[in-house]
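Written below as structure tokens is the structure these notes are about.
Read-outs throughout are calculated quantities, based only on the coordinates presented, and are distinct from any laboratory measurement. As the structure is a prediction and not an experimental result, all values here were calculated from the model. Because the Cβ atoms are built from the backbone with ideal geometry, glycine has one as well, and the counts that use them run over all protein chains shown.
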Amino acid sequence: VEENQKVFLVGGRCPLCRKHVFPRRAWCDRCSAAVDMESVKLSTTGVLYSFSEVHVAPPMFATPYVVGYIDLPEDVRIFAQLEHAAADLALGDRVEVALGMIRRSNDGGRVISYKFRKTGNA
Amino acid sequence: MREVHVGGVGMIRFGRYPDRSIEDMGRDALLQAVKDAGIDPRQVQETFCGSGYGGALIGQRILRDLGMTGMPVTNLENACSSGTTAMREAVAAVAMGRIDVALVIGVDKLTRFGGGTVPLETTDIEVGQGLVMPALYAMRARRYMHEFGITPHHLAMVSVKAHKNGASNPYAQYQKAITVEEVLASRMIADPLTLYMCCPTGDGAAAAVITTAENTRRWGAPAVRVAASTLQSGLFKTGHRDMTFSELTGRTVRVAYEQAGLGPNDIDLAEVHDAFAIAEVMYYEGLGFCGQGEAKALIERGDTEITGRFPVNPSGGLKTRGHPVGATGVAQVCEAVWQLRDHANGRQVAGAKVALTHCTGGGIAGLDHGACSIHIFTK
């Protein structure tokens, strides 16, 4: 969601064990139960665990593009594209969530989704 | 539980066969395995067929034209572990005494997808964001390099070993030695992984006859005993995960070592799921051939060469034998059996008495891997 031009990822929080997940779902894997997860805004910044510049991918993705795993403070790991060349990134970089095009849809339209951009060095 | 033996094995050379049907490849492999066991195909009592992309009723489609119809046929899909998942069911069926002769087939035809990376489940959230298997392993590689000080040069050395071994394997898709320089100079797939650090896609089939100790004696087949037959699946983790260590492989091999009453130092050779060079490096540690972060020294000492202390992938592995997903695990079983029979000409591990096969894979968000299957064979 976007609020005051700031982008947030909305995750879920288990009402029983307080575990955070992304995306929100109707089950908690820690409780092994169907739960009514609360919608919560997740932290907008995280730490880059690892990344790669992808050169071979299905045709809807424009190569090369950079992907990575980002760890948020709520102990949620997000897989997302990054708005940088691999050469500009290092493990442990601070990154924040943004919006951008990640691929084309089957009918050629632009698919906009969350991406991450760098805000600080490791 | 009864003692279970591998009575016969067979496979076709893996490769790109756009003009051959998947059923035809499967029949070729199964007839070789049955011939190797020295039995009539009609002695098979049940068939277990593993395939990643073979589609509905793949086993029946293979067996039909041979008239091997009417018996129980079980088709299994478990991504890269499909073939050895089928193997495990066959072993269990013989061990529990339900049947005496089971046939295992592993088969896939990836050329039907054209080329490029293997297709993944498009409903997966990470796949929709741009995850492809090489990128997943590339991220493991970058993190591993960061934590344990290996370089692309070490990864290239793993590929060079695979090609050196594969050059002596008549069943390998690629039978050509390469150099570290060629690996590093090949085109980038997902950095830091270059083309020659990734296994190829292709087509193939492999088969095995699983039976009792009494039958192998009666048939005069060399005794290769199944000492461990295991399958585990990945644990779901939504938060931090150490991607430099395969928890799933470590957990599965503990079960296998316990079943066999053996440990990593007893393994004379291992056929390991080296879909990417970094994967093999991580599995040295996952299988207990060295501690976490110690693979660098293992590589530098040449310990995993055919002549080393822990020979890994004497066949050339997925890297050069090829990786038609569902066929791979059964091809590993073929190699293990040939090694234990001293029949692996040009790539034989001297005095091999204990062989381990390890298959794992399947991209699914939040899991290390979908499935892992490890078998141990002794003679």
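Just a few scattered comments:
- Cleavage-rule hits, trypsin sites (Lys or Arg not before Pro), region B:284-335, DSSP coil, Cβ neighbours within 10 Å at most 16: B:Arg309
- Distance between region B:187-217 and region B:307-337 - C-alpha centres, whole angstrom: 6
- Neighbourhood charge, 10 Å Cβ-Cβ cut-off, centred on B:Gln292 and excluding it, Lys, Arg +1 and Asp, Glu -1: -4
- Calculated over the protein assembly as shown, the projected area of the Cα convex hull averaged across directions stands at 23.8 nm².
- Of interest is the spacing of the C-alpha centroids, which for region B:51-77 and region A:3-69 amounts to 40 Å.
- Listed residue pairs exceeding 31 Å between alpha carbons, taken from A:Lys19/A:Lys118; A:Lys115/B:Lys296; B:Lys176/B:Lys237; B:Lys176/B:Lys296; A:Lys41/B:Lys296: A:Lys115/B:Lys296; B:Lys176/B:Lys237; A:Lys41/B:Lys296
- Measuring against 20 Å, Cα to Cα, the residue pairs B:Lys164/B:Lys319; B:Lys35/B:Lys319; B:Lys161/B:Lys379 contain B:Lys35/B:Lys319; B:Lys161/B:Lys379 as the ones spanning a longer distance.
- Proximal aspartates and glutamates relative to B:Lys109, as straight alpha-carbon distance under 17 Å, when same-chain residues fewer than 8 apart are discounted: B:Asp19, B:Glu23, B:Asp24, B:Asp28, B:Glu77, B:Asp203
- Spatial offset of region B:83-154 relative to region B:240-269 amounts to 17 Å, using the alpha carbon center of each.
- Electrostatic bookkeeping for B:Gly326 treats Lys and Arg as +1 and Asp and Glu as -1; over the other residues with beta carbon under 9 Å from its beta carbon, the sum is -2.
- Toward the positive end of the charge dipole of chain A, with +1 on the Cβ of Lys and Arg and -1 on the Cβ of Asp and Glu, the farthest Cα among A:His20, A:Ala62, A:Val95 is that of A:His20.
- Whole-number percent relative contact order across chain B, with pairs defined as alpha carbons under 8 Å at least 6 apart: 26
- Here the convex hull built on the C-alpha positions of region B:120-185 has a volume of 116 cubic angstrom per residue.
- The relative contact order of region B:237-322 comes to 32 percent, based on Cα pairs under 8 Å that sit 6 or more residues apart.
- Per residue, the average separation of C-alpha pairs within less than 8 Å and at least 6 apart gives region B:165-205 a relative contact order of 22 percent.
- Furthest towards positive pole of dipole, B:His240, B:Phe276, B:Gln292, structure part region B:235-379, Cβ charges: B:Phe276
- Projected onto planes of every orientation and averaged, the convex hull of the alpha-carbon atoms in region B:267-314 covers 2.9 nm².
- Size of electric dipole in region A:13-122: Cβ of Lys, Arg +1 and of Asp, Glu -1, about Cα centre, debye, nearest 20: 240
- Cut-off 12 Å between beta-carbons: net charge of the residues surrounding A:Val67, Lys and Arg +1, Asp and Glu -1: -1
- Translational diffusion coefficient of region A:40-122 (Stokes-Einstein, Kirkwood radius from Cα pairs, 10 °C, 1.306 mPa s): 121 µm²/s.
- Percent of beta bridges antiparallel (DSSP, region A:2-122, rounded to nearest 5): 95
- Cleavage-rule hits, trypsin sites (Lys or Arg not before Pro), region B:212-252, DSSP coil, Cβ neighbours within 10 Å at most 15: B:Lys237
- Chain B - Kirkwood radius from inverse mean 1/r over Cα pairs (Å): 20.2
- In Å, descending, principal axis extents of the Cα set of region B:12-142: 49, 37, 25
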